[in-house]
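Notes for the one structure printed next.
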Amino acid sequence: MKKIAILGSTGSIGTQTLEIVGANPDLQVVALAANSSVEKMEAQARTFSPMVVGMWTEEAAKDLRERLADLPVRVVCGMEGLLEIATLPQAEVLVTAIVGMIGIKPTIAAIQAGKAIALANKETLVTAGHLIIPLAKERGVSILPVDSEHSAIFQSLNGENPDRISKILLTASGGPFRGKTRQELEEVRVEDALKHPNWSMGKKITIDSATMVNKGLEVMEAKWLFGVDLPQIQVVVHPQSIIHSMVEYVDGAIMAQLGMPDMKLPIQYALFYPDRRPMMGKRVDFFSLKQITFEEPDLEAFPGLRLAYRAMEAGGSMPTVYNAANERAVSLFLNGRIRYLQIAELIEAAMDRHQVIVHPSVEEILMVQQWTEELTDKEVLQC
Ligand code: NAD
Ligand code: MG
């Protein structure tokens, strides 16, 4: 029996993780956490009988506590609750399916407590990878990628010598606006940006895919997970999302993982690694697919990707500025406060004003996050 805790259980990755738990009797959920969806959490608690559940706000926790009064489950809240769930003695694996930098502290606490991490929450690695990766090594804790590209790279590294990697080919669908010029992107609406051609995901990552900031975050995620240098990571636009990423070795051989675009595969792989469990679902049919295609990313139309390379090259606290400005800008865009193109503009404006801290501590990362959010809000008020 493998015991798991999930941060962000009501979201896209969280609910798909629970589907996998439902299909595999040797997985057991011991704790769940979510932001504010009390109804969904009540249903999950009744189905999966965790020992502890957490809601972000006190109000939501109080409501949930009343609803679950008939069950032997403890309801916790806030950061304290997230930390308790992340370090619960009964859990072996923590699935980080929470969105944003809020995942930093619980992820670090879980590693310190010796939990394996099934990592979907890429923002945490982007901003605190320099602390998390060495800590995981020191504690002998595995960080298993859930992001489909990183899972594909991880699978393509099976049995290989990591010193023989020549480069990582990180595939990108190009999102809903692939092929559009900057001018054509001026008037796009929130509804357009939320229509991803291949994947159904949470709102934040769907917008990140439309700006290609998601790919920028994934370049940084790959750097930390696989210990490669930036020039060794090449983004390849592959609109069909069948090749989930590739590794080229020093002899020119390329290993890839292919499959239908379905997040359940990488989630399940992370939960059972190194085993592969059967999974229902559509299979790739090469005869109906007929062809798969490749393009170079358009850095002019999608400056979010270019800025990610700049942030990573600057290093230290700059990826935090990149990520925090994006988190803020995406939320402003979703609330109709700014236009689509302003997302990248706001990221760049914050990066231009930032003095890099070379090896930021968690507290410094969170201070930089706050500085960036305030600056971004001010910038928008001035428009
Ligand atoms: P989502 O918005 O669908 O779900 C986010 C979850 O986090 C929800 O359960 C929400 O309640 C919870 N949450 C948010 N703030 C919280 C807080 N303060 N306290 C407790 N819980 C909180 O997001 P998602 O699409 O599932 O993405 C989750 C993470 O996985 C992101 O980092 C994303 O980049 C990454 N990811 C997602 C996909 C995907 O297919 N959805 C693919 C790859 C990577
Ligand atoms: Mg991805």
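No value in this document is a laboratory result; all are computed from the given coordinates. Remember, predicted model here, so these are calculated numbers, not experimental data. Every residue, glycine among them, receives a Cβ derived from its backbone with ideal geometry; neighbour counts consider all protein chains shown.
Among 238-249, 282-293, how do they line up by average Cβ neighbours within 10 Å per residue, starting with the highest?
Ranking, from highest mean packing down: 238-249, 282-293.
So what is log10(I(q)/I(0)) for region 302-383 at q = 0.21 1/Å, when the Debye sum runs over its Cα atoms only?
The Debye formula, applied to the Cα set alone, gives -0.88.
Sort the following peptides by mean Cβ neighbour count (other Cβ atoms within 10 Å, averaged over residues), highest first: 99-107, 374-382, 42-50.
Averaged packing, sorted descending, gives the order 99-107, 42-50, 374-382.
Would you kindly calculate the translational diffusion coefficient of region 44-201, applying Stokes-Einstein with the Kirkwood radius from alpha carbon pairs, for 4 °C and a viscosity of 1.567 mPa s, and quote it in µm² s⁻¹ without decimals?
Rounded to a whole number, D works out at 70 µm²/s.
When N is the residue count of region 31-108, what does its C-alpha Rg come to as a fraction of 2.2 N^0.38 Å?
Ratio of Rg to 2.2 N^0.38 Å for region 31-108: 1.01.
In the Gaussian network model of the chain, springs joining C-alpha atoms below 10 Å, which of VAL236, VAL188, VAL73 carries the largest mean-square fluctuation?
Ranking VAL236, VAL188, VAL73 by mean-square fluctuation puts VAL188 first.
Straight-line reach only, C-alpha to C-alpha below 29 angstrom: list the lysines that LYS40 could link to, leaving out same-chain residues fewer than 8 apart.
Candidates past the 8-residue exclusion: LYS2, LYS3, LYS62, LYS105, LYS115, LYS122, LYS195, LYS203, LYS204, LYS264, LYS282.
Using the Karplus curve 6.51 cos²θ - 1.76 cosθ + 1.60 with θ = phi - 60°, what ³J(HN,Hα) values do you get for each residue of region 98-114, in whole Hz, with x for Gly and Pro?
Each residue of region 98-114 in turn: 7, 10, x, 5, 4, x, 4, 4, x, 5, 5, 4, 5, 5, 4, 8, x Hz.
Looking at the P(r) of the chain, how many percent of alpha-carbon pairs lie beyond 34 Å?
26 percent
For region 314-324, in order, what is each residue's ³J(HN,Hα) by Karplus, 6.51 cos²θ - 1.76 cosθ + 1.60 with θ = phi - 60°, in whole Hz (x at glycine and Pro)?
Working through the residues one at a time gives 5, x, x, 8, 5, x, 5, 5, 4, 6, 5 Hz.
Residue-wise, which Karplus ³J(HN,Hα) couplings in Hz belong to region 236-246, taking 6.51 cos²θ - 1.76 cosθ + 1.60, θ = phi - 60°, and x for glycine or proline?
10, 6, 9, x, 7, 6, 9, 7, 8, 2, 9
Which is farthest toward the positive dipole end of region 2-145 among PRO145, LEU32, THR17, measuring Cα position about the Cα centre, with Cβ charges +1 (Lys, Arg) and -1 (Asp, Glu)?
In region 2-145, that residue is PRO145.
What order, most packed first, do the peptides 114-123, 211-220 have when packing is the mean number of other Cβ atoms within 10 Å of each residue?
Highest-to-lowest ranking by the protection proxy: 211-220, 114-123.
How high is the relative contact order of the chain? Use alpha-carbon pairs under 8 Å, at least six apart in sequence, and give a whole percent.
It comes to 15 percent, rounded to a whole number.
Indicate, rounded to the nearest 5 percent, the antiparallel portion of the DSSP beta bridges found entirely in the chain.
25 percent
How much of the calculated P(r) for region 70-160 lies past 15 Å, in percent of all Cα pairs?
More than 15 Å apart: 61 percent of the Cα pairs in region 70-160.
Kindly identify region 196-266 as rounded, prolate or oblate by the Cα gyration tensor criterion: order the square roots of the eigenvalues as a ≥ b ≥ c, call it rounded if a/c is under 1.5, otherwise compare a/b with b/c, prolate if a/b is larger, else oblate.
Since a/c reaches 1.5 but b/c is at least a/b, the shape of region 196-266 is classed as oblate.
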